[in-house]
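Data first, discussion second: the structure below is written as structure tokens.
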Amino acid sequence: MNARLAIACSMMTAAAALAPAGAAAQAPSTSSGQAYPAKAVRVIVPFPPGGAADIVARAITQEMSRAWGAQVIVDNRAGAGGLIGAEQAARAAPDGYTLLFASASPMTVSPHLAAKPPYHPLRDFTPIVLIGFSPNVIVVHPSLPVHSVKALIALAKARPGQINYASNGVGTLSHLAVELIKHQAGINLALRKHVYHLRGAIATPRVRAPFAPIDEATKSELAEILARLGLATPAG
């Protein structure tokens, strides 16, 4: 029996498509009267390739390209919890040819953590569509003798500061979710590192309690997640 633990958490990541403010009014046609889009459309994903946002964005942009008969390019601009990519989108011309594939981090968290936010989530963007939600999970290393969140909390209380964790970056939901768990459970987990350029915290070796989007777990781990939630039978 694999000792790894995967428990679905209540915190969800929402993904939405946004455009620089004013783009929605200008997008239906170009200055020459041509139907939109008359050229390639850039979709900025403010996270690294291979993660949840990137995977979903590429699937959607492929269908957009097919439906429009025009090129739709995914442009990964990762860093600062999505702040860098969102800033570039906010500064783009509001002509409908630069879109932002946003999540909760750059829209609701990162701007409040910056001393001087480079954009305003409400004033600088026009919402287009809500794409979906992505649950997060806690996955612990097999060496930890725990099989539930309750047991993990008990172990953390018995070993204050000895159990480390990783997040997807400062101010991301994975970071804040662990901080919330620490506060509510009264435990002390040691932050090992923020992983900016990998798909997520689950890719970090020697981390005892990674916190990552559910898509970044392996197939076997996902099967165990579903089995523990009563949604599927254990694999094998």
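The values are calculated or read from the model by the stated rules, or taken from the named source; none is laboratory data. Keep in mind that this is a model prediction, so the values were computed, not measured. Glycine also receives a Cβ, built like all others from the backbone with ideal geometry; neighbour counts cover every protein chain displayed.
Starting from residues that are touching a Ser or Thr at 6+ places or on another chain (Cβ under 9 Å) and within 16 Å of V41 (Cβ to Cβ), keep the ones in region 59-83 and report whichever is surrounded by the fewest Cβ atoms within 10 Å (Cβ to Cβ). So that I can check it myself, show each step before the final result.
At the first step, the residues of region 59-83 found to be touching a Ser or Thr at 6+ places or on another chain (Cβ under 9 Å) are 71-75, 80-83.
Narrowing the set further to residues that are within 16 Å of V41 (Cβ to Cβ) leaves 71-75.
Working: Q71: 13, V72: 21, I73: 11, V74: 17, D75: 17.
The residue in question is I73.
Scan region 84-109 for residues that are in contact (Cβ under 8 Å) with a residue 40 or more places away in the chain and farther than 19 Å from V41 by Cα and jot them down.
S103, A104, S105, P106, M107, V109
Do we find that V146 is out of contact with any Gly (no Cβ under 6 Å at 6 or more places or on another chain) and not assigned by TED's automatic domain parsing to the domain that holds A19 in this structure? If you could, list the steps in order and put the result at the bottom.
On the way: out of contact with any Gly (no Cβ under 6 Å at 6 or more places or on another chain): yes; not assigned by TED's automatic domain parsing to the domain that holds A19: yes.
So V146 fits the description; yes.
Within region 30-63, track down each residue that is part of a loop (DSSP other than H, G, I, E, B) and under 21 Å from the mean Cα position of the chain (by Cα).
Looking only at region 30-63, we keep the residues that are part of a loop (DSSP other than H, G, I, E, B), and these are 30-34, 36-40, 46-51.
Within region 30-63, P46, F47, P48, P49, G50, G51 qualify.
Output the residues belonging to region 145-178 that are crowded, with 19+ Cβ neighbours inside 10 Å and more than 21 Å from the chain's Cα centre (by Cα).
V146, L152, A156, I163 - these are the residues of region 145-178 that are crowded, with 19+ Cβ neighbours inside 10 Å and more than 21 Å from the chain's Cα centre (by Cα).
Please work out which one of (1) farther than 28 Å from L113 by Cα; (2) modelled with pLDDT of 55 or more; (3) part of a helix (DSSP H, G or I) is the condition L226 fails and give its number.
Here L226 clears every test but (2).
Only residues in region 122-135 that are at pLDDT 90 or above count as the first member; pair them with residues that are basic (K, R), Cβ under 9 angstrom, at least 6 apart or cross-chain, and list the lot.
D124/R91
Show me the strands (runs of 3 or more DSSP E) entirely contained within region 64-144 in which 2 or more residues are under 19 Å from the mean Cα position of the chain (by Cα) and over 17 Å from G51 (Cα atoms). Talk me through it step by step, then tell me what you get.
Working: elements: 72-76, 98-103, 125-139.
Fully inside region 64-144 and qualifying: 125-139.
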